[in-house]
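Here is the structure we will look at, set down as structure tokens.
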Amino acid sequence: MRRDDESLERTSGTNPARQPLLNVKGGLSVHSARKVQEFLNENFSRKLALAEMAAVCGLSSYHFVRAFSKTFGMPPHQYVLDLRLDFAERLLADSRMTIADIAHLSGFSSQSHFTTMMRKYRQVTPMQARVAKSNAKIR
């Protein structure tokens with residue numbers, strides 16, 4: 001039996017854990033949260049500067065990091081990393097792509113960096129994730 005938030009994630013493509021807490025004191029406005037979320041969803045695979053993200057909201061880098069963290073429950077770097085890892089995991093299901101290509105398309109600097117981040121934050125290597133996804137398809 002699936003949990004409701006899991007089915008939401010699968011159908012909408014958004015992770016419920018990354019949904020903003022709206023109207024939180026000291027956080028981003030609803031409009032700014034929506035704008036920065038859209039910006040990051042479109043640009044996560046390229047190198048992003050903190051000042052560039054802050055400019056989307058019209059804030060200084062310092063205030064942006066504090067407000068973003070309160071709104072999303074994690075700093076901007078972690079949010080972008082989660083977007084990259086989620087995208088890479090979806091690509092791993094396609095066994096025609098090499099892991100190095102997936103790392104590049106997902107915005108990681110190298111296959112090694114991708115593997116390190118997968119192991120650290122998802123507790124599996126890209127190859128282990130690929131095998132698990134292919135086994136899930138077979139069943």
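Overall shape: prolate for the range 51-106, with the ratio a/c of the largest to smallest alpha carbon gyration tensor axis at 1.5 or above and a/b above b/c. Rolling a 1.4 Å probe over the protein heavy atoms of the range 77-139, with every protein chain left in place, gives an accessible area that is 55 percent carbon and sulfur. Radius of gyration over Kirkwood radius for the range 45-139, both on Cα atoms: the Rg/Rh ratio is 1.07. Ordered from highest to lowest accessible area with the whole protein assembly present and a 1.4 Å probe, Thr98, Thr125 read as Thr98, Thr125.
Annotation note: trypsin sites (Lys or Arg not before Pro) in the range 22-104 located in DSSP loop regions with a Cβ neighbour count of at most 15 within 10 Å are Lys25, Arg46, Lys47, Arg96.
The separation of the range 34-65 from the range 67-124, counted between C-alpha centres, amounts to 18 Å.
Qualifying GluC sites (Glu not before Pro) in the range 28-107, where qualification requires a DSSP coil assignment and no more than 13 other C-beta atoms within 10 Å, are lacking entirely.
The values are calculated or read from the model by the stated rules, or taken from the named source; none is laboratory data. Source: prediction; values computed, not measured. Cβ sites come from the backbone with ideal geometry, for glycine too, and all protein chains shown count toward neighbours. Calculation scope for accessible area: heavy atoms of the full protein, side chains included, ligands and nucleic acids excluded. Shrake-Rupley method; radii C 1.70, N 1.55, O 1.52, S 1.80 Å.
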